[in-house]
Amino acid sequence: MSDMTKIEWRKSSHSDAGSGDCVELAALPGVVGIRDSKNPTAGHLQVGKRDFAALLAEVKSGRHDL
């Protein structure tokens, strides 16, 4: 996507507003964008929607100690 200013980035409602330790997500064509909220101009990762959904399911199941 050429104009990153038009992307709607969202923080989790569970993010700690005081520490700044959170990521932001954006729905992009065919992928999920992931970026560091402390440094939003540094770029972002793009993860396929299926892979992202699988990761979320594993995290929610407790498989990963996060």
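Please enumerate the residues belonging to segment 12-29 that are at pLDDT 90 or above and over 14 Å from the mean Cα position of the chain (by Cα).
29 - this is the single residue of segment 12-29 that is at pLDDT 90 or above and over 14 Å from the mean Cα position of the chain (by Cα).
Of all residues in segment 30-46, how many are at pLDDT 90 or above and of a type in the set (Ser, Thr, Tyr)?
Qualifying residue count for the region: 1.
Is there any pair with a first residue in segment 35-47 that is closer than 15 Å to residue 15 by Cα and assigned to a loop (DSSP other than H, G, I, E, B) and a second that is at pLDDT 90 or above and not aromatic (Phe, Trp, Tyr) whose Cβ atoms are under 9 Å apart and which are 6 or more apart or on different chains, and what are they?
37/24
The values are calculated or read from the model by the stated rules, or taken from the named source; none is laboratory data. In this text, all values refer to a predicted model and were calculated from it rather than measured experimentally. Cβ: placed from backbone, ideal geometry, glycine included. Neighbour counts: every protein chain shown.
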